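J.: Quick one: the structure is below, and I'll ask about it shortly.
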Amino acid sequence: MSKEAQNKNLHKAKNNKKDEFYTQLPDIENELRHYKEHFKDKVVYCNCDDPRVSNFFHYFSYNFEHLGLKKLIATCYKNQDADLFSQNDSDKAIYLEYDGDKNGNNIPDPEEIGIIALKEDGDFRSKESIELLKQADIIVTNPPFSLFREYVAQLIEYNKKFLIVGHQNAITYKDIFKLMKENKLWLGYGFKGGAGHFINTEYEDYATAGDHRDGMIRVSGVHWFTNLDINKRHEDLILYKPYTLEEYPTYDNYDAINVNKTKDIPVDYKGIMGVPITFLDKYSVEQFEILGLSASAGYSEEIVGIPFLGDKDARPLINGKNTYARIFVKNKKI
């Protein structure tokens, strides 16, 4: 799928409020296997899920005893628009509670799951949903991409641990990047190949024939965002290339060198470096310090975070030409 087609699809989803893509069970299983120790005796809340079709509810209910959970809660948004959710035709908002196997078969049978009608519409911002949020220890779901900022802000406001799916573009949001810079939010292990296939029949899948999956949309640049500590963020990136003036030019408007690929970060450079946004997938909190961000478009220097040497254009420039968005970092171990 081309980047142009991908952006077109995402904008279409945002404009039509149809960005509720259902996450595949294998993708959930592949990520969650790294977090087992975080869930013992915890209440998990999936607050953007119809539990009757949600693979998040499926995963946690079938692994309830294995993870040692205390309780599982999931809320269903009332479908006020027949086209809002491709998999959800519910006319009532409900929430489900599951607190473990009762008959010894280690399967979440229907009679073991409490189904409670909500008075409101089940939106994660509703009063009822917030009261359920307060009960929870960890939030795990795939929130609407178009509401990602607002969704994360709520989790931070209520001091919740979380593991959620979002798009790479969210990294450049001022409030989201601030959390990443302050080590209050980081990337999880990720989707294979940096792309996910989500269940949604509303859109044409522009993926190549070998990667096409019927009834799904392929979204590049999706990530897991979390504030649960994982081994990955403490593993140093292995560096090998020496710094040279020719290969690492200095920006016109920042006292920093440009690095085109994360793997090419010089092993011996002590100063500030502008690295790709994809660097965050390899970021080690002990190895690097995040200083700021400069987007590839726009003229704002609100989140740059380092001295700006230019006039107006805050994009990272080399010989007057714009480069891609860059995160400014320093190697703490030199």
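J.: Please give me the summed charge of the neighbours of residue 187: other residues whose Cβ is under 12 Å from its Cβ, Lys and Arg +1, Asp and Glu -1.
T.: Taking every Cβ under 12 Å from that of residue 187, the sum is +1.
J.: As a test question: what accessible area, to the nearest 10 Å², does residue 235 have when a 1.4 Å probe is rolled over all protein chains in place?
T.: Near enough 110 Å² of accessible area.
J.: Contact order normalised by length for the stretch 105-181, with contacts defined as Cα pairs under 8 Å and 6 or more residues apart; what percent is it?
T.: 24 percent
J.: For the stretch 246-262, in order, what is each residue's ³J(HN,Hα) by Karplus, 6.51 cos²θ - 1.76 cosθ + 1.60 with θ = phi - 60°, in whole Hz (x at glycine and Pro)?
T.: Karplus values, whole Hz, x for Gly and Pro: 5, 7, 10, x, 8, 5, 5, 10, 9, 7, 7, 8, 8, 10, 6, 10, 4.
J.: Something else about it: Would you list 34, 223 from the most to the least accessible area, probe 1.4 Å?
T.: The residues order as 34, 223, largest area first.
J.: Of 40/184; 261/282; 36/178, which sit over 19 Å apart, Cα to Cα?
T.: 40/184; 36/178
J.: Any idea how far apart residue 182 and residue 250 come out in nm if each label point goes 7 Å out from Cα toward Cβ?
T.: 3.3 nm
J.: Residue separation times 0.36 nm, minus the C-alpha to C-alpha distance between residue 33 and residue 318: what's the value?
T.: Gain in length upon complete extension: 98.3 nm.
J.: Further, regarding this structure: Can you sort 123, 41 by 1.4 Å-probe accessible area, starting with the largest?
T.: 41, 123
J.: I want the local charge near residue 33. Using Cβ-Cβ distances under 13 Å, sum +1 for each Lys or Arg and -1 for each Asp or Glu among the other residues.
T.: -2
J.: Could you work out the relative contact order of the stretch 223-334, using alpha carbon pairs under 8 angstrom and six or more residues apart, expressed as a whole percent?
T.: Value for the stretch 223-334: 30 percent.
J.: Label residue 125 and residue 149 with points 7 Å out from Cα along Cα→Cβ: what is the distance between them in nm?
T.: Simple spin-label model gives 1.2 nm for this pair.
J.: Can I ask one more? Considering only protein heavy atoms, with the full assembly of protein chains and a 1.4 angstrom probe, order 262, 244 by accessible area, largest first.
T.: 244, 262
J.: Calculated FRET efficiency, residue 284 and residue 111, Cβ-Cβ r, R0 51 Å, to nearest 0.05?
T.: The calculated FRET efficiency here is 0.60.
The values are calculated or read from the model by the stated rules, or taken from the named source; none is laboratory data. Please read these numbers as outputs of a predicted model, since none were measured by experiment. Cβ atoms come from the backbone with ideal geometry, glycine included; neighbour counts cover every protein chain shown. Heads up: the accessible areas ignore ligands, DNA and RNA and are worked out on the full protein's heavy atoms, side chains in. Shrake-Rupley method; radii C 1.70, N 1.55, O 1.52, S 1.80 Å.
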